[in-house]
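Trainee: One structure, as structure tokens, below. Some questions next.
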């Protein structure tokens, strides 16, 4: 679980990149604004992952999986 709430880009993407170095098949990233949702999604997809964004009432849970 990567908690990137309250952080502006590119920090959420960098945190996601660091987490993905572990080579797992599934990650969860919490963000609280639209720009990180788009940027983390774009990065994860460029790495071959699919992304599901779940709106948690002002925060977003990004479910990233292979």
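Trainee: Please go through the stretch 1-27 and give me each residue that is without any contact (Cβ under 8 Å) to a residue 40 or more places away in the chain, assigned to a strand (DSSP E or B) and within 14 Å of residue 63 (Cβ to Cβ), ordered by number.
Mentor: Passing the criteria: 2, 27.
Trainee: So, one more: Taking the criterion of being more than 15 Å from residue 59 (Cβ to Cβ) and surrounded by 14 or more Cβ atoms within 10 Å (Cβ to Cβ), would at least one residue in the stretch 28-37 satisfy it? Quick ask: steps written out before the conclusion?
Mentor: First, the residues of the stretch 28-37 that are more than 15 Å from residue 59 (Cβ to Cβ): none.
Scanning the stretch 28-37 turns up no residue that is more than 15 Å from residue 59 (Cβ to Cβ) and surrounded by 14 or more Cβ atoms within 10 Å (Cβ to Cβ).
Trainee: Now, a different point. For the stretch 40-51, how many residues are assigned to a helix (DSSP H, G or I) and buried (at least 17 other Cβ atoms within 10 Å of the Cβ)? Spell out how you get there, then give the answer.
Mentor: As a first pass, look at the stretch 40-51 and keep what is assigned to a helix (DSSP H, G or I): 40-46.
Checking which are buried (at least 17 other Cβ atoms within 10 Å of the Cβ) leaves us with 40-41, 43-44.
Qualifying residue count, the stretch 40-51: 4.
Trainee: Only one residue in 54, 37 is in a strand (DSSP E or B) and touching a strand residue (DSSP E or B) at 6+ places or on another chain (Cβ under 9 Å). Which one? Show your work before the answer.
Mentor: Working: 37 fails: in a strand (DSSP E or B).
Criteria check complete, one pass: 54.
Where a number appears in this text, it was derived from the coordinates with a stated rule and is not lab data. Predicted, not measured: the structure shown is a model, and the values here were computed from it. Neighbour counts are summed over all protein chains in view; Cβ atoms, including those assigned to glycine, are modelled from backbone coordinates with ideal geometry.
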